[in-house]
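Here the structure comes first, spelled out in structure tokens, and everything after it is commentary.
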Amino acid sequence: LFRSDDFHYPAEEASEKATLAVLRLVSSASGSVVVSDGKSSQRAPVGGVVFGWRVLESLPASSSHSSPVAVLETNFRRWGMLAFVTRDQDPVMLRKSVGDLAGIRQPYFNFTEADPLYFQKVMESLEDYPSQLALNLTDDGEADFPSLAATLAPQRDYVEISNANDVVKFVVTYNGRIKCASYHGDTLNGITDYEDLHAPFPNHQTVIFDPADHVMFWPRRFDHSKTGLVGGHLRIANVGSYSPAAKRGFEVVAFSPINQSAKRGTINYSPGVYIRLREESADDVGQFQYFFAANGTISRLA
């Protein structure tokens, strides 16, 4: 057994975050932005780069925001950041779980290599065998989350992205598939995926979006996958998968919007999901594809 570093919140994140300058939007027009870091300014079109940030969009002032907004994104090796930059206020920063796809290194656990009877001992021990192992992994003999997590195999992460008033509830699986809970006759549909991405589902399921339909590379299994929440707590899924040998992978960001036109407490009978998909290869970081999935249909957005 071993204590690995934090896969979701890497140790280098604090020092990398400290290198990010506080940006201000100087101007925006005709699909380009001028951004300042307090010392100099740089101009770039949507899709270009300013101060190491990719320009995702330039939004004019509207009823929801009184000044123009530049939407930027930057990735470190093991995490990333979205920034909404305006003229007069500090930018709104939203952390991404996925950074560079090549930086995803999913922890692997093999408890039976050193002890073939490991799981038998876990089941049969009358003294809480895993907790005893965890105590031995800490300097002070007190169990903590990393030590306890090192004694049991982790489960794959799923993200629930629905809103309270939505009749249909959506989940994003660790391979980027988006599914919803619904009934097939009297049977509740499942959400489980096999490790083999080409295998049939174990039961009837409703899949409203499958990255496999929109990417060139879809192996039987990606070597490394990572799942998290944008902002660390928002119901916005961030999923990335990558295979180093092929040098290919994909990233998904997905969320279900709040029905702003409905009165507070009104049930939303037709919820949907906005999706951003990017496929990366050895020589191309890829372009974003945008979709909206609702009522059994998928619309590609410009």
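The values are calculated or read from the model by the stated rules, or taken from the named source; none is laboratory data. None of these values were measured; they are calculated from a predicted model. Quick reminder, even Gly has a Cβ in these numbers, built from the backbone with ideal geometry, and neighbours come from all protein chains shown. The protein model used for the area step is the full one, side chains on, heavy atoms only, and it has no ligands, DNA or RNA in it. Shrake-Rupley method; radii C 1.70, N 1.55, O 1.52, S 1.80 Å.
Looking only at residues in the range 77-93 that are surrounded by fewer than 19 Cβ atoms within 10 Å (Cβ to Cβ) and part of a loop (DSSP other than H, G, I, E, B), the one that is nearest to the chain's Cα centre (by Cα) is 77. For the range 40-52, the criterion of being surrounded by fewer than 17 Cβ atoms within 10 Å (Cβ to Cβ), closer than 30 Å to residue 221 by Cβ and of a type in the set (Gly, Ala, Ser) is satisfied by no residue at all.
Here the range 177-188 is the region considered, the condition is being closer than 16 Å to residue 271 by Cβ and not charged (D, E, K, R), and the residue that is surrounded by the most Cβ atoms within 10 Å (Cβ to Cβ) is 178.
The condition (being out of contact with any Leu (no Cβ under 6 Å at 6 or more places or on another chain) and over 15 Å from residue 7 (Cα atoms)) is satisfied by just one residue among 126, 101, 82, 94: 126. Look at (1) under 22 Å from residue 288 (Cβ atoms); (2) in contact with a Lys or Arg (Cβ under 9 Å, 6 or more places away or on another chain); (3) part of a loop (DSSP other than H, G, I, E, B); (4) not hydroxyl-bearing (Ser, Thr, Tyr) and you find that residue 231 fails only one, number (3). Inspection of the range 154-163 identifies at least one residue that is hydroxyl-bearing (Ser, Thr, Tyr), over 25 Å from residue 285 (Cα atoms), open to solvent by less than 20 Å² (accessible area, probe 1.4 Å) and in contact (Cβ under 8 Å) with a residue 24 or more places away in the chain. Checked against the criterion of being surrounded by 15 or more Cβ atoms within 10 Å (Cβ to Cβ), over 30 Å from residue 269 (Cα atoms), touching a residue at least 24 places away in the same chain (Cβ under 8 Å) and among the hydroxyl-bearing types (Ser, Thr, Tyr), the range 142-151 has at least one qualifying residue. The set of residues in the range 97-113 that are surrounded by 14 or more Cβ atoms within 10 Å (Cβ to Cβ) and in contact with a helix residue (DSSP H, G or I) (Cβ under 6 Å, 6 or more places away or on another chain) contains only 111. Within the range 249-302, being charged (D, E, K, R), assigned to a strand (DSSP E or B) and either over 15 Å from the mean Cα position of the chain (by Cα) or farther than 15 Å from residue 237 by Cβ (or both) holds for 279, 280, 284, 300.
Residues in the range 53-76 that are open to solvent by 10 Å² or more (accessible area, probe 1.4 Å) and more than 21 Å from the chain's Cα centre (by Cα): 58, 59, 60, 61, 62, 63, 64, 65, 66, 67, 68, 69. One residue stands out in the range 238-248 among those that are touching a residue at least 60 places away in the same chain (Cβ under 8 Å) and in a strand (DSSP E or B): the one that is farthest from the chain's Cα centre (by Cα), namely 242. Taking the range 1-26 as the range and being modelled with pLDDT under 95, surrounded by 15 or more Cβ atoms within 10 Å (Cβ to Cβ) and out of contact with any Phe, Trp or Tyr (no Cβ under 9 Å at 6 or more places or on another chain) as the test, only 7 passes.
If we scan the range 117-138, do we find a residue that is over 30 Å from residue 60 (Cβ atoms), in a loop (DSSP other than H, G, I, E, B) and within 26 Å of the chain's Cα centre (by Cα)? No, because not a single residue in the range 117-138 is over 30 Å from residue 60 (Cβ atoms), in a loop (DSSP other than H, G, I, E, B) and within 26 Å of the chain's Cα centre (by Cα).
Filtered by the rule that a residue be out of contact with any Phe, Trp or Tyr (no Cβ under 8 Å at 6 or more places or on another chain) and among the β-branched types (Val, Ile, Thr), the range 67-99 gives 85, 86.
Report whether or not residue 230 is in contact with a Ser or Thr (Cβ under 7 Å, 6 or more places away or on another chain), under 29 Å from residue 10 (Cβ atoms), open to solvent by less than 40 Å² (accessible area, probe 1.4 Å) and of a type in the set (A, V, I, L, M). No: the conditions fail for residue 230. Residue 235 meets the conditions (1) within 14 Å of residue 101 (Cβ to Cβ); (2) surrounded by fewer than 20 Cβ atoms within 10 Å (Cβ to Cβ); (3) in contact (Cβ under 8 Å) with a residue 40 or more places away in the chain in every case but one. The failed one is (1). Of the numbered criteria (1) under 18 Å from the mean Cα position of the chain (by Cα); (2) part of a helix (DSSP H, G or I), the one residue 98 fails is (2).
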